[in-house]
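Engineer: My structure is below; once you've seen it, I'll send some questions.
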Amino acid sequence: MLSKSNSLRSLAIAMAILCASPKLFSQNTIIQNTHIRGFIDALAGYQNGKVSFGFGEQDLFITSELHDRISFLGETVFKFTPGTPTEFSVSIERVVIKYNYFGNHNLLIGKHHTPINYWNDTYHHGRVFFPTIERPLLFAANFIPLHTTGMSLQGQNLGKLRFGYDFMVGNGLGSDEVSDNDTYKSYTAAIHIKPVENLRIGASYYNDVISKGANVHGKQVNWQVNQQLFTGSVAYFGNKFEVLAEGTLASDKTDTTGNQTSSAAYLYAGFKIKEKFIPYIRIDNLQYGDGEIYFTKDNTTSFVGGIRYVINYLAVVKLEYQHTHTQISGDLNKVTFQFAIGF
Amino acid sequence: MEGNKRYDGKLKQAFLKWVVLCFLLVPGLKCIGQDSTLTAISNPRGAPPEMKMSELRSVLMGEKQRWNDGTKVVIAMLKSTTPLGEVISKRVYSMSGDGVRGFWARISFAGKYDLPNVFNNVSELENFVAQNPGAIAILGRPSGNDVRVVLIDGKKAF
């Protein structure tokens with residue numbers, strides 16, 4: 001009941017913002033400015049005594065200015081999906097309609113990358129922008145909700161500290177793209193500051209109730225889970241040094257196990273020996289509570305060491321070594337070469 | 001003998017002239033590359049008549065969506081592959097031309113700001129600024145009267 005009234009309240013706030021200044025809709029001429037871009041990466045890897053070649057997701061990215069205050073962003077991915085008739089599938093990753101209602105304040109509606117941490121809010125699916133070949137392990141472990149279909153209020157570069165916020169309400173985990181699977185909504189509150197150039201410090205809170213029987217990341221959840229995620233991040237991408245450190249603490253509460261706490265974190269550091277050459281490292285750590293039943297309990301540590309060569313802003317090559325130790329699979333070593341491009 | 005001396009003297013004079021010319025030319029050439037005078041122009045509607053350099057930079061980095069009068073900030077840019085575009089990239093963005101293109105690709109991909117309007121030459125850029133409320137751009141020296149020069153730190157050129 002409480003959840004339903006919260007949803008109605010969110011909807012009412014959004015409508016109020018949209019209707020608050022009807023003059024703004026009528027007084028400006030419609031200008032359309034559409035840009036289409038694409039991203040893809042080709043890979044070669046050595047693992048378990050064999051060399052494999054492959055390619056990653058092909059990402060189609062569209063932005064369009066439709067009006068003085070309205071813009072659209074769409075991101076569609078074509079990717080290898082074993083088990084389907086063509087072994088490929090199309091996935092809508094982002095569909096965002098943005099309405100700039102005042103100054104640097106916006107209302108966003110659609111399917112978003114949940115603004116829970118810097119990586120998920122910045123890099124999306126364009127591998128050419130990633131500082132490492134793959135995302136940090138907390139993404140593959142489904143530790144954070146990557147997408148949220150819903151609406152949000154966003155503010156950017158406010159005041160001297162260049163404060164920013166994202167307050168989002170969405171369908172939550174277990175829902176599909178067109179409807180919610182239950183009456184609960186997910187809530188994300190993220191704030192950040194950029195006190196000096198190239199530095200961003202952020203924190204976020206995420207809350208969702210995942211219903212019993214929901215299908216989350218291809219796995220059925222057999223208990224109702226009340227999930228809270230607390231995230232902190234520091235990102236600095238300067239002329240010489242690059243540092244990105246992020247950590248998420250998850251609290252999963254069920255009637256049978258009580259409150260279980262798990263954590264996921266990574267640290268990336270790079271050093272530009274020349275403008276185009278950046279050797280880097282990344283350390284990942286995933287630790288699950290003893291009684292954790294929502295996540296797949298697989299304590300993991302990983303070390304990545306690599307070098308990135310920026311040919312230009314749309315062509316980047318990376319060579320990387322990764323050592324991973326997981327509770328389930330033991331030690332894994334691999335060397336990967338990636339050629340990532342934008343077009 | 002006398003003829004040889006005269007010839008040596010002329011050679012010395014020519015060499016000295018050449019050295020002096022080089023001293024005069026080299027700093028001049030350097031100026032064209034690095035110290036070109038830049039001017040901020042805007043549509044009469046939107047941008048204020050005077051800004052600080054830090055404010056201008058912040059606007060051109062996509063940190064401001066609306067001017068104080070509510071007009072949308074519309075960034076117009078000369079292609080960063082042009083010589084003047086490269087100078088603007090270094091002086092305003094403290095980046096290479098490629099760095100500026102990468103900066104805008106990243107910022108638009110993250111959905112934070114719309115891509116700027118990019119032009120091949122100064123006249124196209126100036127026309128766009130003249131015709132679009134809220135538009136702002138940097139160029140060498142404005143030629144048209146339909147745009148307003150924005151004073152930066154109290155000066156017409158920087």
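Engineer: Please work out if residue B:137 is touching a residue at least 40 places away in the same chain (Cβ under 8 Å), away from chain A (no Cβ under 12 Å) and part of a helix (DSSP H, G or I).
Structural biologist: Details: touching a residue at least 40 places away in the same chain (Cβ under 8 Å): yes; away from chain A (no Cβ under 12 Å): yes; part of a helix (DSSP H, G or I): no.
So residue B:137 fails the test.
Residues are listed down the side, and each one gets a yes or a no for (1) free of Cβ contacts under 8 Å to residues at least 60 places away in the same chain; (2) more than 11 Å from chain A (Cβ to nearest Cβ); (3) not aliphatic (A, V, I, L, M):
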position	(1), (2), (3)
B:52	no, yes, yes
B:60	no, yes, no
B:67	no, no, yes
B:78	no, yes, no
B:84	yes, yes, no
B:101	yes, no, yes
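Engineer: Can you tell which of A:67, A:125 is within 14 Å of the chain's Cα centre (by Cα), at the interface with chain B (Cβ under 10 Å from one of its Cβ atoms), at pLDDT below 95 and more than 21 Å from residue A:207 (Cβ to Cβ)?
Structural biologist: On the way: A:67 fails: within 14 Å of the chain's Cα centre (by Cα).
Answer to the selection: A:125.
Engineer: Every residue in the stretch A:65-78 that is farther than 23 Å from residue A:170 by Cα, touching an Asp or Glu at 6+ places or on another chain (Cβ under 9 Å) and crowded, with 16+ Cβ neighbours inside 10 Å, please.
Structural biologist: Residue satisfying the conditions is A:65 alone.
Engineer: While we're here: Among A:86, A:76, A:81, which is out of contact with any Phe, Trp or Tyr (no Cβ under 9 Å at 6 or more places or on another chain), more than 18 Å from residue A:204 (Cβ to Cβ) and among the hydroxyl-bearing types (Ser, Thr, Tyr)?
Structural biologist: A:86
Engineer: Between residues in the stretch B:38-50 that are within 17 Å of residue B:145 (Cβ to Cβ) and residues that are of a type in the set (Ser, Thr, Tyr), which pairs lie under 6 Å by C-beta distance while being six or more apart or on different chains?
Structural biologist: Cβ pairs passing all conditions: B:45/B:71.
Engineer: Modelled with pLDDT of 95 or more and touching a helix residue (DSSP H, G or I) at 6+ places or on another chain (Cβ under 7 Å): is that true of residue A:326 in this structure? Before you say what the answer is, go through the steps one by one.
Structural biologist: On the way: modelled with pLDDT of 95 or more: yes; touching a helix residue (DSSP H, G or I) at 6+ places or on another chain (Cβ under 7 Å): no.
It is false that residue A:326 is modelled with pLDDT of 95 or more and touching a helix residue (DSSP H, G or I) at 6+ places or on another chain (Cβ under 7 Å).
Engineer: Here are some conditions: (1) buried (at least 19 other Cβ atoms within 10 Å of the Cβ); (2) more than 14 Å from chain A (Cβ to nearest Cβ); (3) modelled with pLDDT of 95 or more. Residue B:88 meets all but one. Which one does it not meet?
Structural biologist: (3)
Engineer: With respect to the numbered conditions (1) touching a Phe, Trp or Tyr at 6+ places or on another chain (Cβ under 7 Å); (2) in contact (Cβ under 8 Å) with a residue 60 or more places away in the chain, which one is the sole condition not fulfilled by residue B:95?
Structural biologist: (2)
Engineer: Another question about this same structure. Suppose the filter is free of Cβ contacts under 8 Å to residues at least 60 places away in the same chain and over 24 Å from residue A:124 (Cα atoms); does residue A:330 pass it? Step through it out loud before you land on a result.
Structural biologist: Details: free of Cβ contacts under 8 Å to residues at least 60 places away in the same chain: yes; over 24 Å from residue A:124 (Cα atoms): yes.
It is true that residue A:330 is free of Cβ contacts under 8 Å to residues at least 60 places away in the same chain and over 24 Å from residue A:124 (Cα atoms).
Engineer: Here's something else I'd like to know. Residues of the stretch A:201-225 being assigned to a strand (DSSP E or B) and buried (at least 16 other Cβ atoms within 10 Å of the Cβ), which ones?
Structural biologist: If we filter the stretch A:201-225 for residues that are assigned to a strand (DSSP E or B), which is where we start, we get A:201-210, A:215-216, A:219-220, A:225.
Selection gives A:201, A:202, A:204, A:206, A:207, A:208, A:209, A:210, A:216, A:225.
Engineer: Quick one: is residue A:269 surrounded by 15 or more Cβ atoms within 10 Å (Cβ to Cβ), within 18 Å of the chain's Cα centre (by Cα) and under 30 Å from residue A:194 (Cβ atoms)? Spell out the reasoning first.
Structural biologist: Details: surrounded by 15 or more Cβ atoms within 10 Å (Cβ to Cβ): yes; within 18 Å of the chain's Cα centre (by Cα): no; under 30 Å from residue A:194 (Cβ atoms): yes.
It is false that residue A:269 is surrounded by 15 or more Cβ atoms within 10 Å (Cβ to Cβ), within 18 Å of the chain's Cα centre (by Cα) and under 30 Å from residue A:194 (Cβ atoms).
Engineer: What are the pairs with Cβ atoms under 7 angstrom where one residue, in the stretch A:282-307, is more than 19 Å from residue A:330 (Cα to Cα) and the other, located anywhere, is of a type in the set (Asp, Glu) and surrounded by 22 or more Cβ atoms within 10 Å (Cβ to Cβ)? Sequence gap at least six, or different chains.
Structural biologist: A:292/A:252; A:294/A:252
Engineer: Right, another one. So, in the stretch A:109-122, exactly how many residues are in contact (Cβ under 8 Å) with a residue 60 or more places away in the chain and not in a helix (DSSP H, G or I)?
Structural biologist: Counting residues in the stretch A:109-122 that are in contact (Cβ under 8 Å) with a residue 60 or more places away in the chain and not in a helix (DSSP H, G or I) gives 6.
Engineer: Note down all Cβ pairs under 8 Å where the first residue falls in the stretch A:159-173 and is hydroxyl-bearing (Ser, Thr, Tyr), the second is surrounded by 21 or more Cβ atoms within 10 Å (Cβ to Cβ), and they're at least six residues apart or on different chains.
Structural biologist: A:165/A:154; A:165/A:190; A:165/A:192
Engineer: Select from the stretch A:123-145 the residues that are farther than 18 Å from residue A:58 by Cα and free of Cβ contacts under 8 Å to residues at least 60 places away in the same chain and write down the one among them that is surrounded by the most Cβ atoms within 10 Å (Cβ to Cβ).
Structural biologist: A:139
Engineer: A follow-up question, please. Residues of the stretch B:104-119 being out of contact with any Leu (no Cβ under 8 Å at 6 or more places or on another chain) and either among the acidic types (Asp, Glu) or more than 8 Å from every other protein chain (Cβ to nearest Cβ) (or both), which ones?
Structural biologist: From the stretch B:104-119, those out of contact with any Leu (no Cβ under 8 Å at 6 or more places or on another chain) are B:106-107, B:109-110, B:112-117; that's our starting set.
Scanning the stretch B:104-119 gives B:107, B:113, B:114, B:116.
Engineer: Considering the stretch A:83-122 alone, what residues qualify as being out of contact with any Asp or Glu (no Cβ under 6 Å at 6 or more places or on another chain), of a type in the set (Asp, Glu) and within 14 Å of another protein chain (Cβ to nearest Cβ)?
Structural biologist: A:121
The values are calculated or read from the model by the stated rules, or taken from the named source; none is laboratory data. What you are looking at is a predicted structure, and each value in this text was computed from that prediction instead of being measured. When we count neighbours, we look across all protein chains shown, and the Cβ atoms used for this are built from the backbone with ideal geometry, even at glycine.
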